[in-house]
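K.L.:
What follows is a single structure, and I will ask about it in a moment.
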Amino acid sequence: MLIVLAAVLLSARGASAADEECELRLIGRSEPVEVGVQGSSQAKEQQARVDTGAGYSSIDDDFAKSLGVDLENAETITIRSSLGEERRPKVNVRLRVAGKTIDTEVTVTDRDERTHPMLLGRRDLAGFAVDPSREDLTRPDGSAGNSTDALCASGVIGTTTTRSEALTLLATIPLTAAMVVGIRTLIGLVTFGVFAPILLTIAFEQVGFVRGLGMFVAILASGLVIQPLLRRLHLPRVARLAVLIALVVEVMLIIDLYLEEFIPGGAGAAAFPVVVLAIMVERFWTNWEEDSLATALKTCGWTLAVASVAYPILVSEPVQSWVNQAPLMVGLLGGLLSLLFGRYRGLRLLELTRFQPAAAEPRPVVTERRSS
Amino acid sequence: MMHFTADRWSGVLGMNARNLYVERENTLEAIRLVNNKHLTKTALQKANVPVAPTLALVRDRRELASIEWQALPDSWVVKPNRGRQGAGVLLVAGRDSSGWCSASGRHLDQIEVEQQIREILEGEVSSGIADRDDAIMEPLIVPHEALKEVVPVGLPDIRIISYHDMPVMAMLRLPTRASGGRANLHQGGIGAGVDLATGKVFRAMMSGQPVTHHPDTDAPLIGLQVPDWDRVVDAASRSGSATGLVYAGADIVVDQDRGTVVLQVNARPGLEIQNVNGMGLADRLERVAAASSTPA
């Protein structure tokens with residue numbers, strides 16, 4: 001319990017640190033800002049023009065007075081602009097922009113003629129990225145804004161988006177692994193190794209389920225067609241695998257390059273775990289040879305089934321937002337669950353059928369032989 | 001003194017529990033040893049456990065080229081030293097005018113035989129990701145006539161699970177035509193529960209169903225006496241300590257001329273033996289554990 005608690009704290013800290021360091025919050029050309037004088041509990045919301053051309057933020061004098069600012073005795077500074085030099089009162093305020101609290105200095109000027117009673121300048125825009133084509137993407141408390149634009153601009157943007165997606169994906173791997181372990185030790189389903197279902201799940205996450213499934217079947221089928229030919233050549237196993245990898249890549253490239261018109265969006269080939277698929281083809285074949293086609297199909301089917309069950313869980317809204325908020329904890333939970341499943345020593349669900357003959361009747365147990 | 005367990009499932013050993021036995025009791029050295037047939041044979045011989053003699057240990061192509069084929073007996077077998085589940089095993093049943101003939105009666109060229117051995121040497125049929133292996137040549141085992149009457153094709157073998165050198169459960173595996181001469185239970189072979197005390201078959205299963213007679217020969221199975229039983233059990237009980245395995249599954253055959261021969265020892269023997277015997281392993285193992293922790 002303590003470990004989980006520690007993980008929550010750790011991951012929360014990790015996430016906020018990440019917020020400050022590398023994540024850019026997207027805002028539009030005009031955003032609502034909460035403004036209050038430092039040291040006062042009173043704060044008012046004001047619509048602000050976002051202006052990366054301005055250094056200081058500034059607020060309208062009437063708005064400043066409504067906040068209780070004493071303009072008569074305020075410090076003044078000289079502001080240079082395209083209109084020349086101007087002396088303006090300067091006040092210490094606390095701003096809240098898109099969930100970020102900023103203690104800063106703003107200048108006060110008459111903005112009656114302007115569209116916005118407030119201007120948000122460069123000094124207070126650190127950590128934000130501005131999309132001038134949109135507005136009202138956020139609320140001062142950090143929630144999404146009122147505009148329809150806000151729906152597409154969820155959270156962070158740009159290159160940092162891909163990094164965060166990669167992190168989210170990474171954090172789900174231990175969770176998928178735990179599911180595979182659970183399915184094996186609690187239920188008793190056998191898959192082609194632990195990695196195949198995990199990597200398939202990731203591939204599904206990246207290219208979508210239906211397309212991923214289609215790719216998988218196409219690759220497996222072409223691999224199985226070429227496998228008997230490869231066997232006849234008596235290649236060493238490494239060479240056979242290398243040829244299979246080449247084949248898998250070729251199939252993906254052909255789909256992506258030439259069949260894209262039939263398959264909208266192409267194959268998403270790059271996301272597929274090529275080497276693992278080649279190994280799966282090889283193991284399918286070995287399974288077939290040493291056991292039977294039925295066993296090979298069954299194992300393959302269960303591998304797919306595990307990935308298909310794991311996929312919707314992992315991409316579901318609650319899991320995704322949870323992973324986003326506390327990636328460290330999700331990873332840790334995956335590890336702990338695997339530990340827990342691994343420690344289970346009881347019968348697996350499917351063994352209740354498998355060992356039916358062994359448990360068929362209460363049997364006599366010789367506890368002791370009497371020396372009479 | 002007899003009593004009945006209330007819960008019919010409590011005696012059944014599941015895969016998770018078996019893995020615990022294997023991980024807790026069997027050392028890595030012992031597991032490594034039994035994955036190597038040649039080292040296993042040496043260790044068994046040292047403990048006076050009967051094994052098949054080695055005709056040749058082929059370690060590279062040079063040694064393959066220097067095999068004196070004329071000096072070999074008429075029937076022999078070649079297998080990978082670190083093979084998996086019977087893969088790469090070649091059974092040679094006799095000579096013909098231009099080479100050899102396989103156990104199934106097929107003609108084998110000398111070239112074919114050497115190709116097979118080369119594949120073994122290159123690790124093609126070995127477990128894991130080995131890139132080389134040794135090939136072991138041994139005389140072909142001829143099943144004891146008492147078993148040959150029952151089984152038309154293939155080699156019947158006896159699997160005995162022992163724990164702390166105590167045999168706990170035994171089964172006889174009989175190939176059928178349907179199983180292609182292989183003694184694999186899930187491929188149509190027959191598994192027969194053998195009473196440890198007498199060596200007599202008391203129950204037989206084929207494809208998950210109880211059977212009383214062999215489907216190919218119609219020979220009765222129930223009451224069938226495994227030949228040389230005392231020595232079979234003795235060999236099984238010594239295989240564990242000889243290899244260092246605490247939880248062990250010995251695969252034993254009874255040869256027409258040599259009698260009892262241990263073919264291999266498994267560090268993680270399967271659990272199907274419970275279905276064949278119609279009873280679980282778990283409480284037998286627990287009783288052995290209790291007995292071995294409180295010495296008499």
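K.L.:
I'd like the accessible area for residue B:101: 1.4 Å probe, protein heavy atoms, all chains in place, Å² to the nearest 10.
P.N.:
30
K.L.:
Further question: Lysines within cross-link reach of residue B:148: Cα-Cα under 21 Å, excluding same-chain residues under 8 positions apart?
P.N.:
Excluding near neighbours in sequence, the set is B:200.
K.L.:
Over 19 Å, how big is the tail of the calculated P(r) for the range A:24-152, in percent of all Cα pairs?
P.N.:
Tail of the P(r) past 19 Å holds 45 percent of the pairs.
K.L.:
Let me ask something additional. Given a 1.4 angstrom probe, what's the average accessible area per residue across the protein assembly as shown, in square angstrom?
P.N.:
The answer is 50 Å² per residue.
K.L.:
Would you mind classifying the range A:162-343 by shape? Square roots of the alpha carbon gyration tensor eigenvalues, ordered a ≥ b ≥ c; an a/c under 1.5 is rounded, otherwise it is prolate if a/b is larger than b/c and oblate if not.
P.N.:
Judged from the Cα gyration tensor, the range A:162-343 comes out oblate (a/c at least 1.5, b/c at or above a/b).
K.L.:
To make sure I understand the rule: partners must be lysines, Cα under 16 Å from the Cα of residue A:44, and not fewer than 8 residues away in the same chain. Which ones qualify?
P.N.:
A:65, A:100
K.L.:
Would you tell me the accessible area of residue A:344, worked out with a 1.4 angstrom probe on the heavy atoms of the protein chains, in Å² to the nearest 10?
P.N.:
Looks like 80 Å² after rounding.
K.L.:
Taking the Cα centre of the protein assembly as shown as the origin, how large is its charge dipole in debye, to the nearest 20, when only Lys and Arg (+1) and Asp and Glu (-1) carry charge on their Cβ atoms?
P.N.:
That gives the protein assembly as shown a dipole magnitude of about 2040 debye.
K.L.:
Counting only protein heavy atoms, what percent of the accessible surface of the protein assembly as shown is carbon or sulfur at a 1.4 Å probe?
P.N.:
Within the protein assembly as shown, the accessible surface is 57 percent carbon and sulfur.
K.L.:
What number, in nm² with one decimal, is the all-direction average of the projected area of the convex hull of the alpha-carbon atoms of the range B:56-139?
P.N.:
Over every viewing direction, the Cα hull of the range B:56-139 projects on average to 5.0 nm².
K.L.:
A further question follows. Please report the buried accessible area for the interface of B with A, total over both chains, probe 1.4 Å, in Å² to the nearest 100.
P.N.:
Adding both sides of the contact gives about 3300 Å².
K.L.:
Within 10 Å of each Cβ in peptide B:278-288, how many partner chain Cβ atoms are there on average? Round it to a whole number, please.
P.N.:
3
K.L.:
Measuring from the lowest to the highest alpha carbon on each principal axis, how far does the protein assembly as shown reach, largest first, in angstroms?
P.N.:
So the extents along the principal axes, rounded to whole Å, are 117, 68, 41.
K.L.:
Going toward the positive end of the dipole of the protein assembly as shown, with +1 on Lys and Arg Cβ and -1 on Asp and Glu Cβ, which of A:137, B:140, A:219 do you reach last?
P.N.:
Farthest along the dipole direction, towards plus: B:140.
K.L.:
For residue B:41, give me every one of the lysines with a C-alpha distance below 19 angstrom, ignoring sequence neighbours fewer than eight places off in its own chain.
P.N.:
Once the sequence-local lysines are set aside, what remains near residue B:41 is B:79.
K.L.:
Cα centroids of the range B:94-158 and the range B:229-252: how far apart, whole angstrom?
P.N.:
Cα centres, the range B:94-158 to the range B:229-252: 24 Å.
K.L.:
Going through the range A:101-140, which GluC sites (Glu not before Pro) have at most 14 other Cβ atoms within 10 Å and a DSSP loop state?
P.N.:
A:113
K.L.:
Whose amide H sits under 5 Å from the amide H of residue B:260, counting only residues 5 or more places off or on another chain, with H placed in the peptide plane?
P.N.:
B:255
K.L.:
Could you let me know the centre-to-centre spacing of the range B:75-90 and the range A:172-227, using Cα atoms, in angstrom?
P.N.:
Taking the Cα centre of the range A:172-227 as reference, the centre of the range B:75-90 is 33 Å away.
K.L.:
Could you tell me the largest-minus-smallest coordinate of the C-alpha atoms of the range B:135-211 on each of the three principal axes, in descending order and whole angstroms?
P.N.:
34, 31, 24
K.L.:
Toward the positive end of the charge dipole of chain B, about the Cα centre and with charges on Cβ (Lys, Arg +1; Asp, Glu -1), which of B:237, B:98, B:78 goes farthest?
P.N.:
Going by the Cα projections, it comes out as B:237.
K.L.:
How high is the relative contact order of chain B? Use alpha-carbon pairs under 8 Å, at least six apart in sequence, and give a whole percent.
P.N.:
21
K.L.:
Still on this structure, please answer the following. Only bridges with both residues in the range A:24-152 count here: give the DSSP antiparallel percent, nearest 5.
P.N.:
70
K.L.:
Which net charge results for the neighbourhood of residue B:239, defined as the other residues with beta-carbon distances under 14 angstrom from its beta-carbon, given Lys and Arg at +1 and Asp and Glu at -1?
P.N.:
Every neighbour counted, the sum reads +2.
K.L.:
About its Cα centre, how strong a charge dipole does the range A:162-343 have in debye, to the nearest 20, once Lys and Arg get +1 and Asp and Glu get -1 at the Cβ?
P.N.:
Value, rounded to 20: 520 debye.
K.L.:
Among A:68, A:98, A:46, flag the residue with its Cα farthest along the positive direction of the charge dipole of the range A:24-152, charges on Cβ as +1 for Lys/Arg and -1 for Asp/Glu.
P.N.:
Farthest towards the positive end: A:98.
K.L.:
Here is a follow-up. Contour minus end-to-end for residue A:75 and residue A:44, with contour as 0.36 nm per residue of separation and end-to-end as the Cα-Cα distance?
P.N.:
8.9 nm
K.L.:
Another question about this same structure. Suppose the Debye formula is applied to equal point scatterers at every Cα of the range B:91-149; what is log10 I(q)/I(0) at q = 0.24 Å⁻¹?
P.N.:
Results for the range B:91-149 at q = 0.24 Å⁻¹ read -0.99.
K.L.:
Suppose every Lys and Arg Cβ carries +1 and every Asp and Glu Cβ carries -1, with no other charges. What dipole size does the range A:24-152 come out with about its Cα centre, to the nearest 20 debye?
P.N.:
400
The values are calculated or read from the model by the stated rules, or taken from the named source; none is laboratory data. Since we're looking at a predicted model, the values are computed, not measured. So basically every Cβ, Gly included, is an ideal-geometry build from the backbone, and we count neighbours across all protein chains shown. Just so you know, the surface numbers come from the protein's heavy atoms only, side chains and all, with ligands and any DNA or RNA stripped out. Shrake-Rupley method; radii C 1.70, N 1.55, O 1.52, S 1.80 Å.
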